[in-house]
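The values are calculated or read from the model by the stated rules, or taken from the named source; none is laboratory data. Everything numeric in this text was worked out from a predicted model, so none of it was measured. Don't worry about glycine lacking a Cβ; one is built from the backbone with ideal geometry, like all the others, and counts go over all protein chains shown. Ligands, DNA and RNA are excluded from the accessible area calculation, which covers all protein heavy atoms including side chains. Shrake-Rupley method; radii C 1.70, N 1.55, O 1.52, S 1.80 Å.
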Amino acid sequence: MTDAQSFYGRWAQVYDWLASAPGVASWRARTAEALALAPGDTVVEMGCGTGANVPHLRERVGPSGRVVGIDVTQEMLDHARERCARTGESVHYVQADAARPPIRDADAVLATFVAGIFEDPAAAVDAWCDCVAPGGRVALLNFQRSPNALAVPLNLVFEGFVRLSAPGTRLSTRSHASAFERRVRAARERLTERTVDRRYETFAGGYLGLLSGTVS
């Protein structure tokens, strides 16, 4: 078992509470909308955690579509399967490494809050784009420090959150936040290289950045 599996397995219930916190659903709905899904589509979520995005994705692909959630941690998937709103005939959960997903020819790929945890985020984004048929969409949603001058105190909270949510690291709080942001930036740069018709937007006071694009 890897450090990440042990960490997220131990904190799966807490993660699920945070993933379902008030106000978070609107972020997830907005992110799902960026994928431009249609009824009958197949959408894959990389690092799906406890499946908090699944209801938003399932609503858009309809009963004829398919939602596939990939996560390396079994406890996360177990929590997802326990929630009626996150299951159904069109929903499938797969325990696998999201950096090497066993999927091809999807209509869309979603990755929320995971790009910053990979050692090689650009390679992970390459794998995700390779999963999507030409014309399909890929979307990345990530936390970030806000550029707002009034957000300095909350940026310190962000740095602490990143440190606590990263298993197996020995970096300082501030240095790990910087490393996290470098990884997110690398993921975004690779998605920019691999897609057209891109859209970038921020919300939640600048603390969330959503980049989406169409695989050519």
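Things to note:
- When restricted to residues that are part of a helix (DSSP H, G or I), within 26 Å of Gly23 (Cα to Cα) and open to solvent by 10 Å² or more (accessible area, probe 1.4 Å), the range 185-216 contains 2.
- Qualifying residue in the range 151-159 (condition: at pLDDT 95 or above, surrounded by 14 or more Cβ atoms within 10 Å (Cβ to Cβ) and among the aliphatic types (A, V, I, L, M)): no
- Selection of the range 39-79 for residues being open to solvent by 10 Å² or more (accessible area, probe 1.4 Å), touching a residue at least 60 places away in the same chain (Cβ under 8 Å) and in contact with an Asp or Glu (Cβ under 8 Å, 6 or more places away or on another chain) yields Asp41, Thr42, Gly47, Val72, His79.
- Residues considered: Gly69, Gly88, Gly62. Of these, the only one that is modelled with pLDDT of 95 or more and touching a strand residue (DSSP E or B) at 6+ places or on another chain (Cβ under 9 Å) is Gly69.
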